[in-house]
Amino acid sequence: MPNVASHAHEFSIVWISCPADEDVIEKLTNEPLSNELCAAVNRISGVQSSFYYQGSIEKTEEILLIYKTQSCLVKELMDYIQTIHPYSEAEMFSLKLEQANSSFLNTLTAHTKGPTKQH
């Protein structure tokens with residue numbers, strides 16, 4: 001059984017949708033990783049999005065990116081994503097973790113620039 005850490009609430013996942021464009025996806029994935037704003041990004045392809053836009057219902061294929069980071073970096077990550085995201089108002093939200101195994105949290109800590117980074 002994995003060792004479950006009691007400080008999981010110090011970590012979050014951030015969900016961001018983006019266009020199904022490989023250049024955009026690479027930028028939205030690699031730049032936050034390079035800047036240590038997150039430790040990992042998952043990509044879910046084939047998301048069919050429906051939404052109101054300028055008074056009508058629109059449908060499009062998007063990609064969902066899931067960033068794993070320290071909670072103290074969520075605002076900085078989301079602010080940074082907004083500056084490089086092609087949508088004027090990118091869909092973003094975060095959720096704090098309730099439980100996670102210790103080795104996963106140690107990996108997040110080691111690969112992000114937050115205050116709990118191990119040196």
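The values are calculated or read from the model by the stated rules, or taken from the named source; none is laboratory data. Computed from a predicted model, the values in this text were never measured in an experiment. Positions of Cβ are backbone-derived with ideal geometry, glycine not excepted, and every protein chain shown enters the neighbour counts.
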Item to check | Within region 89-106, considering residues that are under 13 Å from Y67 (Cα atoms) and not in a loop (DSSP other than H, G, I, E, B), the one farthest from the chain's Cα centre (by Cα) | outcome: K96
Item to check | The one condition in (1) in a helix (DSSP H, G or I); (2) more than 23 Å from F11 (Cβ to Cβ); (3) among the polar types (S, T, N, Q) that T109 fails to fulfil | outcome: (2)
Checklist entry - Which of the residues spanning region 77-119 are of a type in the set (D, E) and modelled with pLDDT of 95 or more? => result D79
Checklist entry - Out of (1) of a type in the set (V, I, T); (2) part of a helix (DSSP H, G or I); (3) in contact (Cβ under 8 Å) with a residue 40 or more places away in the chain, the odd one out for T83 is which? => result (3)
Item to check | Matching strands (runs of 3 or more DSSP E) fully within region 1-80 where at least 1 residues are free of Cβ contacts under 8 Å to residues at least 24 places away in the same chain, buried (at least 16 other Cβ atoms within 10 Å of the Cβ) and not polar (S, T, N, Q) | outcome: none
